[in-house]
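Please read the structure below before turning to the comments.
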Amino acid sequence: MAWMSKHILTICFFLVMCYLTVKVVPIHGETTPHSQSQVEPKPNRQSSGPINGSHKLERVGSIADNGYDPDYGWFSVKISLGTPQQNYSLIIDTGSRSTWVRCLFCTQGCTSDDPPYDPSKSSCQNTFKNPFTASYGDNSYAIGFWVCDTLIIDGLDSIKNFEFGCAQRISDGNGENFVNAAGFLGLGKGDSSLVSQGGASMKAFSYFVPENDGGGDLQFGDKATEKSNTCTNQITSMLSGGDQEKYYIDLVGISVDGNELSVPSTEFTSGGTIIDSGTVITRLPQVVYSALRDAFRQYMFSYTLLDRVDELMDTCYSLEGIESIALPEIKFHFGQENTIDVTLTKEGTIWRKDDTVSCLAFAATHSYGIIGIVQQRGFNVLYDLEGQTIGFGTNCA
């Protein structure tokens, strides 16, 4: 009886998971199949409502170890949950409000480089209340329960009673198991996001995406602003859009090799454009993408164009025996008024599929445009939540 009393919370949780069936709700958006050689974007997300709880803040020390893996295109951050701390590496996702981790008693998609989160160790009383579902446009999902615990991230006040998903059934539609990360850190907008739960510390955040591996960072609050102030910045306004979770910006044009695409600005603006760290390859409306692809192919006519070597990207080249590749300069133009011109880095233009094949890192969409993490390579991206702007910084100290 003493043993049962001690472990009653864990037993109850296990029994509930055995008998509760949660339906995955499909989301309207991109459902294009993708090859197993890359972790593909999660352009559309949905999550069920959180539990209720207050959030108390306290200052903590540094534990973060941020990283960027160019082979997969994801950007991760080290976080801790609970007391004593349980450490996890989570994929940073500005396109979703949902944070979730793989949990104890997981029954599907359980493999991770970190141990499963044990909810029975939580000091939070508001736990095991409501079912949690995070669904993605490529048929990926995480299903479990809303739980809460103390969240600790470097540069941010610790958050007591932080609400997140305790995932028991996980499926990556690309078959990559989310590259064995422990879960996702939701930096999108919404009641259950880190942005809303982080209090005064979340007036701004930024991340630096290196052109190659290593050297990335994630900053919050004053540290994010201070980092941005050391950069050469180009700033554009956030816009409101149809999905309240996401950060919309005003992409109005694209230039290739100094020539602006001959596409009406309404083709860019009719569906809107979001910026998303959780999406890998940038998506553009079909008309815009076709014009970009044609201009890129014209510039690259001396290279061998391959046919159907990737399910998502249709402009790939054989670089076998070629030591360096000459790429056209691609610029994004933001803002109907006070337009800024953001020049992509070379690594922000192509996706290296393998040692001998590189592809134009863009694809077409029939939904809103998405600026993915590849196109953010080489930039310190500042989300000023008070000023409602996005900054693209280079040459940072």
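The values are calculated or read from the model by the stated rules, or taken from the named source; none is laboratory data. Please read all numbers here as calculations on a predicted model, not as lab measurements. Cβ coordinates were reconstructed from backbone atoms using ideal geometry, including for glycine residues, and neighbour counts include every protein chain displayed. Areas reflect the complete protein model, heavy atoms only, side chains present, ligands, DNA and RNA absent. Shrake-Rupley method; radii C 1.70, N 1.55, O 1.52, S 1.80 Å.
Some notes on this structure:
One line per residue, one yes/no per condition, for (1) hydrophobic (A, V, I, L, M, F, W, C); (2) at pLDDT 95 or above:
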{"site": "I350", "(1), (2)": "yes, no"}
{"site": "D354", "(1), (2)": "no, no"}
{"site": "Y368", "(1), (2)": "no, no"}
{"site": "V381", "(1), (2)": "yes, yes"}
{"site": "G391", "(1), (2)": "no, yes"}
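- Residue match in the stretch 82-92 (condition: in contact with an Asp or Glu (Cβ under 8 Å, 6 or more places away or on another chain) and without any contact (Cβ under 8 Å) to a residue 60 or more places away in the chain): yes
- Residue list for the stretch 274-299, restricted to those being among the aromatic types (F, W, Y) and open to solvent by less than 30 Å² (accessible area, probe 1.4 Å): Y289, F296
- Among the residues of the stretch 251-270, some residue qualifies, meaning at least one is without any contact (Cβ under 8 Å) to a residue 24 or more places away in the chain, open to solvent by less than 70 Å² (accessible area, probe 1.4 Å) and touching a Pro at 6+ places or on another chain (Cβ under 8 Å).
- Positions within the stretch 319-335 being at pLDDT 95 or above and either of a type in the set (S, T, Y) or open to solvent by 30 Å² or more (accessible area, probe 1.4 Å) (or both), in sequence order: E329, K331
- Counting the residues of the stretch 159-189 that are open to solvent by 30 Å² or more (accessible area, probe 1.4 Å) and not polar (S, T, N, Q) gives 6.
Residue-by-condition table, conditions (1) touching a residue at least 60 places away in the same chain (Cβ under 8 Å); (2) within 21 Å of Q376 (Cβ to Cβ):
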{"residue": "D307", "(1), (2)": "no, no"}
{"residue": "E311", "(1), (2)": "yes, no"}
{"residue": "C316", "(1), (2)": "no, no"}
{"residue": "L319", "(1), (2)": "no, no"}
{"residue": "L327", "(1), (2)": "no, yes"}
{"residue": "Q336", "(1), (2)": "yes, no"}
{"residue": "D341", "(1), (2)": "yes, yes"}
{"residue": "I350", "(1), (2)": "no, yes"}
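- Residues of the stretch 142-177 satisfying the condition of being under 19 Å from the mean Cα position of the chain (by Cα) and either part of a helix (DSSP H, G or I) or among the polar types (S, T, N, Q) (or both): S171, N174, N177
- Some residue of the stretch 357-367 being in a loop (DSSP other than H, G, I, E, B), hydrophobic (A, V, I, L, M, F, W, C), more than 23 Å from I275 (Cβ to Cβ) and open to solvent by less than 30 Å² (accessible area, probe 1.4 Å): no
- Qualifying residues in the stretch 121-141 (those that are open to solvent by 10 Å² or more (accessible area, probe 1.4 Å) and at pLDDT 90 or above) - the one nearest to the chain's Cα centre (by Cα): Y141
- Taking the listed residues N380, N338, the one that is out of contact with any Phe, Trp or Tyr (no Cβ under 9 Å at 6 or more places or on another chain) and either within 30 Å of D222 (Cα to Cα) or open to solvent by less than 30 Å² (accessible area, probe 1.4 Å) (or both) is N338, with no other qualifying.
- Number of the exception - A167 against (1) within 25 Å of I281 (Cα to Cα); (2) touching a Phe, Trp or Tyr at 6+ places or on another chain (Cβ under 6 Å): (1)
- Counting only residues that are assigned to a strand (DSSP E or B) and surrounded by fewer than 19 Cβ atoms within 10 Å (Cβ to Cβ), the stretch 343-356 holds 2 of them.
- Qualifying residues in the stretch 72-92 (those that are open to solvent by 10 Å² or more (accessible area, probe 1.4 Å), assigned to a loop (DSSP other than H, G, I, E, B) and over 15 Å from C148 (Cβ atoms)) - the one modelled with the highest pLDDT: Q85
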